[in-house]
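The values are calculated or read from the model by the stated rules, or taken from the named source; none is laboratory data. Predicted model, so just to flag it, every value in this text is computed and none were measured. We place every Cβ from the backbone using ideal geometry, glycine too, and count neighbours over all the protein chains shown. Ligands, DNA and RNA are stripped out before the accessible areas are found, and what is left, the full protein with its side chains, is counted by its heavy atoms. Shrake-Rupley method; radii C 1.70, N 1.55, O 1.52, S 1.80 Å.
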Amino acid sequence: MEQIKAFFNWSGGKDSALALYRALQDPQLNISALLTTVNAQTRRISMHGVRDELLKTQAQAIGLPLRMVELSAQATMHEYDSLMQQQLKAFKAEGISTSVFGDIFLEDLKTYRENKLQEEGMKAHFPLWQHHTPTLVREFLSLGFRTIVVAVDGRKLDASFVGRELNESFLNDLPANVDPCGENGEFHTFVFEGPLFKEPIAFEKKEVVAKTYDINRQTGEKATYYFQELVPVL
């Protein structure tokens with residue numbers, strides 16, 4: 001059986017890790033590279049705020065080449081789409097035909113991804129799609145993965161949740177309206193140990209940083225996010 005050559009959209013977090021783990025177990029898939037979007041100015045993973053040094057260490061521990069799409073600090077969707085299109089063309093020239101994602105529930109995002117890939121004659125694959133999130137997070141933990149919460153949306157969780165390891169205690173403390181996988185953007189994580197990695201990722205926790213963003217300029221709605229600063233340990 002001929003394998004399908006694919007790349008994996010890697011965020012560095014738990015859903016990515018579990019989806020990649022499943023994709024690597026799939027005999028039909030040949031995962032050839034990881035792809036991550038980073039802020040070109042801050043050198044951090046988009047949304048997660050994790051330094052690219054730690055991202056590179058993850059990729060080395062996984063043993064897959066890493067491609068980074070570098071976005072400007074105030075990137076528009078036009079810029080994002082343009083840069084991603086260039087990267088998709090490059091992957092296609094290498095014989096890669098499929099993109100793998102860790103999305104679970106967000107239908108609009110799934111459709112957007114599929115449409116953009118279709119424009120380049122490529123397909124999307126979603127190993128976790130519509131799976132029960134409480135079951136997924138416990139599968140993640142049972143496999144031996146370890147992850148730390150690096151960002152929380154202050155509208156949904158308070159600052160005390162950032163910087164904690166995601167474990168049974170963390171899950172028990174989550175409010176009832178927060179998805180245990182953070183699938184609605186409630187929190188983001190950084191995976192530092194588990195069956196994907198040749199060795200654990202060494203880091204130190206530093207300060208927690210609060211940043212406020214304009215959500216809706218017309219209504220004046222703002223949101224504060226809390227980020228746990230992680231520093232690589234060499």
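Odds and ends about this structure:
- Dividing the helix sum by the residues of the chain, where each DSSP H run of 4 or more adds -39500 (n - 2.57), gives a mean residue ellipticity at 222 nm of -9000 deg cm²/dmol.
- Listed by chain and number, the aspartates and glutamates whose C-alpha is less than 17 Å from the C-alpha of residue 206, apart from same-chain residues fewer than 8 away, are 52, 53, 165, 229.
- Residues whose amide H comes within less than 5 Å of that of residue 69, counting only those at least five positions distant or on another chain, are 36, 37, 38 (H built at 1.01 Å from N in the peptide plane).
- Phi-derived couplings, Karplus 6.51 cos²θ - 1.76 cosθ + 1.60 at θ = phi - 60°, listed residue by residue for segment 192-201: 10, 7, x, x, 6, 9, 5, 8, x, 8 Hz, with x used for Gly and Pro.
- Solvent-accessible area of residue 57 with every protein chain in place, 1.4 Å probe, in Å² to the nearest 10: 50
- Members of 92/123; 123/198; 116/211; 5/198; 110/156 lying beyond 19 Å, as alpha-carbon distances in this model show: 123/198; 116/211; 5/198; 110/156
- Sequence-distant residues sharing a close amide H with residue 102 (under 5 Å, placed H): none
- The phi torsions of segment 159-164, fed into the Karplus equation with coefficients 6.51, -1.76 and 1.60 and a -60° offset, translate into couplings of 5, 5, 7, 6, x, 8 Hz, rounded to whole numbers, with Gly and Pro shown as x.
- Around residue 121: net Lys/Arg minus Asp/Glu count, Cβ-Cβ under 15 Å: +2
- Listed peptides 167-173, 179-185, 144-150 appear in the order 144-150, 179-185, 167-173 once ranked by packing, highest mean of other Cβ atoms within 10 Å at the front.
- C-alpha center-to-center spacing [segment 160-234, segment 13-32] in angstrom: 22
- Multiplying the residue separation of residue 224 and residue 206 by 0.36 nm and subtracting their alpha-carbon distance yields 4.6 nm.
- Modelled this way, with points 7 Å down the Cα-to-C-beta line, the labels at residue 2 and residue 215 are 4.9 nm from one another.
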